[in-house]
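To keep things clear, I will list the structure first and then write my remarks on it.
The values are calculated or read from the model by the stated rules, or taken from the named source; none is laboratory data. No experiment lies behind these values; they were computed from the predicted model shown. Glycine gets a Cβ as well: all are built from the backbone with ideal geometry, and neighbour counts include every protein chain shown.
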Amino acid sequence: MAARVVDCPFARRQAQSAVRRRGARMLAARRRASYDSVMIGAITFDTHRFVKRLTDCGFTEQQAETLADEHVTLLNTNLATKADIEALRQETKAGMDALRQETNAGMDALRQETNAGMDALRQETNASMDALRQETKADIARVEAGMDALRQETRAGIARVEAGMDALRQETRAGIEALRLETKADIAKVEARIEASKSELLKWMIGLLIGQGGVIVILVKLL
């Protein structure tokens, strides 16, 4: 997977500061290297005065002139001339120009890399958002389909319950009607039995009365 570059103002400023610090260190190193080999400035050396002071201190004239020649050689060797200073200036200017170009090139490369990273991140983010949007739509469609199926199943269940209740209601009504008819029939049978019992009881009572009357007549005759 390719490395992702994220646009961050703080990171960009840190990179720019690092480029500037590196350029400053390079320029300072060049200046120190050039300054170590030359001395900027012009010094006037009076050989006559130098020889006179040495002879006054006890040196011979030949010794004084030899020391003066050595000093002149030393100064000419180690002190910078105008040409050296101009060369140093040109070298410093060239180094600064090169550093400026290098810094600008580094900044441009960093800017291009950052822009490329931002474009890649933007494209990846857009792709991820599109994929998430499609997935969300698919999830919503599945949920809606599930809700529709549940709604239809619920309606079918309610219809089955209502049909069962109607059948139970009809069955209950039929059972009640059958029980009512059966109860009426039983009541009629009981009433018939009661009537038959009344007739038999009445007959038995009449026979009993007749028997009692006969007994009474016989008793009266006997008395």
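State yes or no: is ALA109 hydrophobic (A, V, I, L, M, F, W, C), modelled with pLDDT of 90 or more, farther than 30 Å from THR47 by Cβ and under 34 Å from the mean Cα position of the chain (by Cα)? Quick ask: steps written out before the conclusion?
Details: hydrophobic (A, V, I, L, M, F, W, C): yes; modelled with pLDDT of 90 or more: no; farther than 30 Å from THR47 by Cβ: yes; under 34 Å from the mean Cα position of the chain (by Cα): yes.
It is false that ALA109 is hydrophobic (A, V, I, L, M, F, W, C), modelled with pLDDT of 90 or more, farther than 30 Å from THR47 by Cβ and under 34 Å from the mean Cα position of the chain (by Cα).
Only one residue in THR92, THR103, THR125 is of a type in the set (S, T, N, Q) and exposed (fewer than 13 other Cβ atoms within 10 Å of the Cβ). Which one?
Numbers: THR92 fails: exposed (fewer than 13 other Cβ atoms within 10 Å of the Cβ); THR103 fails: exposed (fewer than 13 other Cβ atoms within 10 Å of the Cβ).
Checking each option against the conditions leaves just THR125.
Per-residue answers, yes or no, for (1) free of Cβ contacts under 8 Å to residues at least 12 places away in the same chain; (2) among the β-branched types (Val, Ile, Thr):
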residue	(1), (2)
ALA87	yes, no
THR92	no, yes
GLY95	no, no
ASN104	yes, no
GLY117	no, no
ARG122	yes, no
ASP130	yes, no
THR136	yes, yes
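Surrounded by fewer than 10 Cβ atoms within 10 Å (Cβ to Cβ), of a type in the set (D, E, K, R) and either at negative phi or touching a Lys or Arg at 6+ places or on another chain (Cβ under 6 Å) (or both): which single residue out of LYS203, LYS137, LYS221, LYS184 fits that description?
Working: LYS203 fails: surrounded by fewer than 10 Cβ atoms within 10 Å (Cβ to Cβ); LYS137 fails: surrounded by fewer than 10 Cβ atoms within 10 Å (Cβ to Cβ); LYS184 fails: surrounded by fewer than 10 Cβ atoms within 10 Å (Cβ to Cβ).
Exactly one of LYS203, LYS137, LYS221, LYS184 is surrounded by fewer than 10 Cβ atoms within 10 Å (Cβ to Cβ), of a type in the set (D, E, K, R) and either at negative phi or touching a Lys or Arg at 6+ places or on another chain (Cβ under 6 Å) (or both), namely LYS221.
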